[in-house]
Amino acid sequence: MITAVVPRHIKYSGKHSAQYPSGISQSALCLKRLFLDLDCAVSIPTAHRILQYGSKNRYKFDTRKTATNILYCTIFLLSNLKDGVGGRGSSSILKKRGKVMEKENCFLRAVKQRRTRYALTDKSPIGDDKIKEIIRVALAHAPSAFNSQSARLAVLFGKYHKKFWQITKDALRKIVSAENFADTEKKIDSFSAARGTILFFEDWGTVEGLQGKFPTYKDNFPLWAYQSNGMLEFIIWTAFAEVGLGASLQHYNPLVDEQVRREYGLPSSWKLIAQMPFGEPFAPPENKDFLPIDERVKVWE
Ligand SMILES: Cc1cc2nc3c(=O)[nH]c(=O)nc-3n(C[C@H](O)[C@H](O)[C@H](O)COP(=O)(O)O)c2cc1C
């Protein structure tokens, strides 16, 4: 069980929930219940303070949306506060009480929450600055072979994002039959309707440099570059899910590589690996089947 403590400098305007607009009270109650599900205790005033802090920072708490959305926002908010993003005095946010709530559990919860989300709007539960911050943290901390840090990203918003999907649509028009193109166009338009797109690259110059430096592992470096890029994709995808931002993973490379390089003036060593449109989801994810897990893992102990 942990107790969430909000920094003192974040004031709330009264002691009784009745003094708050009913929307906020409902949200606070909702938060309290959600925290209980997470084995976390927050008082109603604390929940109010979290909500007020959230709204000051343009986080969207909305009881009409799924409870899970609120949970995502709150976890993100708390982790931000814990990391000092909340400003002065924010270091004392999470106080452990009794048995430690394993961080792994929070992580695995986020892992379970991440899903492929195709139905996206151009809205976002967090500001673009926060989106960029998530991307920067993920890029800095994602592991890479020999710490080569070979991943590169192009983060596209607004007209730059729309342009990428226009390039993709035009390229597909040349190779998809006219009778099938309506479906293709619908799909591409759905990506274009999102808030933005991340283009994932690997710097092939770095990969080849490593091959020259460590000939023993020559054949492994390209594979490791892809693996490392996949980890980065996963970190961002999962961190997005945690704040209520949906995303999917697309692969229109190598079809669009040359034009993307030209359009955004990217170095020729940047090899396009994947594309991730992201935005606020407006429909639940598709159902997902799971193979029996015991057929996939064998344990000796
Ligand atoms: C390496 C990899 C490649 C993928 N490529 C695509 C893709 O090109 N288009 C797409 O819509 N989804 C793609 N996906 C998403 C998978 O279809 C999806 O992760 C899978 O069906 C499980 O669903 P979930 O993401 O909701 O857990 C890819 C996923 C991985 C890991």
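The values are calculated or read from the model by the stated rules, or taken from the named source; none is laboratory data. Being a predicted model, the structure only gives us computed values, none of them experimental. Cβ atoms come from the backbone with ideal geometry, glycine included; neighbour counts cover every protein chain shown.
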| Just wondering, is there one or more residues in region 174-191 that are assigned by TED's automatic domain parsing to the domain that holds E233, under 22 Å from E258 (Cβ atoms) and touching a strand residue (DSSP E or B) at 6+ places or on another chain (Cβ under 7 Å)? | yes
| task | May I ask you to list the residues in region 110-130 that are of a type outside the set (S, T, N, Q) and within 16 Å of the ligand (Cβ to nearest atom)? | result | A110, V111, K112, R114, R115, R117, Y118, A119, L120
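Per-residue answers, yes or no, for (1) farther than 19 Å from Y118 by Cβ; (2) touching a Gly at 6+ places or on another chain (Cβ under 6 Å):
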| residue | (1), (2) |
| --- | --- |
| R195 | no, yes |
| F200 | no, no |
| F221 | yes, no |
| E233 | no, no |
| F240 | no, no |
| S248 | no, no |
| P254 | yes, no |
| G265 | yes, no |
| S269 | yes, yes |
| Is it the case that region 235-243 has a residue that's buried (at least 22 other Cβ atoms within 10 Å of the Cβ), β-branched (V, I, T) and within 16 Å of the ligand (Cβ to nearest atom)? | yes
| message | Considering only region 255-273, I want to know if a residue exists there that is within 18 Å of L156 (Cα to Cα), among the basic types (K, R), exposed (fewer than 11 other Cβ atoms within 10 Å of the Cβ) and away from the ligand (no atom under 15 Å from the Cβ). | response | yes
| said: Given the condition at positive phi and in contact with an Asp or Glu (Cβ under 8 Å, 6 or more places away or on another chain), answer yes or no: does some residue in region 239-260 qualify? | reply: yes
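Any idea how many residues of region 190-210 are part of a helix (DSSP H, G or I) and under 21 Å from the mean Cα position of the chain (by Cα)?
Quick first cut of region 190-210, residues part of a helix (DSSP H, G or I) only: 190-192, 204-210.
With the extra rule that they be under 21 Å from the mean Cα position of the chain (by Cα), the set shrinks to 190-192.
Result for region 190-210: 3.
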| Where F146 falls short, out of the listed (1) crowded, with 19+ Cβ neighbours inside 10 Å; (2) away from the ligand (no atom under 15 Å from the Cβ); (3) not in a loop (DSSP other than H, G, I, E, B) | (1)
| request: Could you please let me know if E208 is in contact with a Leu (Cβ under 7 Å, 6 or more places away or on another chain) and without any contact (Cβ under 8 Å) to a residue 60 or more places away in the chain? | output: no
| query | Which of the residues spanning region 201-234 are near the ligand (Cβ under 10 Å from one of its atoms) and hydroxyl-bearing (S, T, Y)? | reply | Y226
